[in-house]
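> Here it is: the structure, laid out below.
What follows is calculated from the coordinates using simple rules that are stated; it is not laboratory data. As the structure is a prediction and not an experimental result, all values here were calculated from the model. Cβ placement follows ideal geometry from the backbone for every residue including glycine, while neighbour counts extend to all protein chains displayed.
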Amino acid sequence: MKKIPVLLAIIAIAVVAYSMSNWSGSKSVVATKHVTTETRTVSDFTKIDVESIFQVDVTYSNEESVTVEAPDNLQKYIELKVKSGTLKIQFDSKTSITSTCAIKVHIKTAKLNDFNLSGASSITLNNSLNDDNFTVESSGAASFKGEVDVEKATIELSGAANIDLFGTATTADLDLSGASHLNDYDFKVDNLNIDLSGASSATITSIKTINGELSGASSLNYKGDPSIKRLSTSGASNAYKH
């Protein structure tokens, strides 16, 4: 599928460099090459909100811990705070950070099913999420990858956000815009509700029903033999059965 715009390629290069500057900051810090790991004391969260260039991986486990792997002189500028059940991961807003090293956050938890990503951040699930609900909201050049086995999946992507998802859901509500993409026929849902716009695309397997609207230059690629309740297309949008 060749619908990735030049803008996405430029963003991808920036992500590879892992360089971020917060120009609103009053203090500038350049990361060293000496990487350290620190354990952070945070608990009682079921949602995470990640921004900037943080790379987060999640392991579902009865053991709970959060560790930050980053250049030693950046550790004190990395903020992890829990408010109303949401773990916020960000840099100190008063500091401008430049780093060519990966900045990683490793999370072990028993329950985490709601994910918000922005900037060039990423989240990877190291093992399967088994829950009633799963929610991802992603924007910018953020990316998500993982396996889920859930009753309901709610996915909202914008900008150049990308999600690689596999597993199962009884119902999936997808809302994709911009140049965002959902990839993988290995994500199998019984009932698919979908809204695609811009140059977004979704690749998925639908087993029972599809209900949705496609506009702009968006595209839906699906496998399975679902009943089409409603699937309207406008502009240069298309739906393809494989």
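> List the aspartates and glutamates whose Cα sits under 16 Å from the Cα of Lys208, skipping any in the same chain fewer than 8 residues away.
Glu151, Asp173, Asp186, Asp190, Asp225
> Of Glu69, Glu137, Glu151, how do they rank once you tally other Cβ atoms within 10 Å and put the fewest first? Can you show the working numbers first?
On the way: Glu69 16, Glu137 19, Glu151 13.
Least crowded to most crowded, the residues run Glu151, Glu69, Glu137.
> So, R0 is 25 Å and r is the distance between the beta-carbons of Lys223 and Asp57; what FRET efficiency does that work out to, to 0.05?
On the way: r = 29 Å, r/R0 = 1.16.
E between Lys223 and Asp57, to the nearest 0.05, is 0.30.
> So which of Lys33/Lys94; Lys104/Lys152; Lys47/Lys145; Lys94/Lys145; Lys76/Lys152 end up more than 27 Å apart by C-alpha? Intermediate values should be presented prior to the final figure.
Values: Lys33/Lys94 22 Å; Lys104/Lys152 29 Å; Lys47/Lys145 16 Å; Lys94/Lys145 31 Å; Lys76/Lys152 38 Å.
Listed pairs above 27 Å: Lys104/Lys152; Lys94/Lys145; Lys76/Lys152.
> For the pair Asp184/Lys33, report the inter-label distance in nm, with labels modelled 7 Å from Cα in the Cβ direction.
Spacing of the two 7 Å Cα→Cβ label points: 3.5 nm.
> Give, in nm to one decimal, the length gained when the segment between Asn238 and Thr98 is fully stretched (0.36 nm per residue of separation minus the Cα-Cα distance). Walk me through the intermediate numbers first.
Values: separation 140, 0.36 × 140 = 50.40 nm, distance 4.18 nm.
Gain in length upon complete extension: 46.2 nm.
> Report the full-extension gain for the segment Thr67 to Phe166: residue separation times 0.36 nm, less the Cα-Cα distance, to one decimal in nm.
Separation in residues times 0.36 nm, less the Cα-Cα distance, equals 33.0 nm.
> Taking only Cα atoms, what is the 0 to 90° angle, nearest 10, from helix 6-17's long axis to the longest principal axis of the chain?
30
> Short version: ³J(HN,Hα) in whole Hz for each residue of the stretch 153-168, in order, from phi by Karplus 6.51 cos²θ - 1.76 cosθ + 1.60 (θ = phi - 60°), x for Gly and Pro, what are they?
Per residue, the Karplus-derived 3J(HN,Hα) values read 10, 10, 10, 10, 10, 9, x, 10, 5, 9, 9, 10, 10, 9, x, 9 Hz.
> Ok, one more. Roughly what would the spin-label model give for Thr46 and Thr124, points 7 Å off Cα along C-beta, in nm?
2.8
> Return the calculated 222 nm mean residue ellipticity for the chain, to the nearest 500 deg cm²/dmol, obtained by summing -39500 (n - 2.57) across DSSP H runs with n ≥ 4 and dividing by the residue count.
Working: 1 runs with 12 residues, N = 242.
My calculation for the chain gives -1500 deg cm²/dmol from helical runs alone.
> Moving to a separate point now. Take the alpha carbon atoms of the stretch 26-102, find their center, do the same for the stretch 181-232, and report the distance between the two centers in whole angstrom.
Here the answer is 35 Å between Cα centres.
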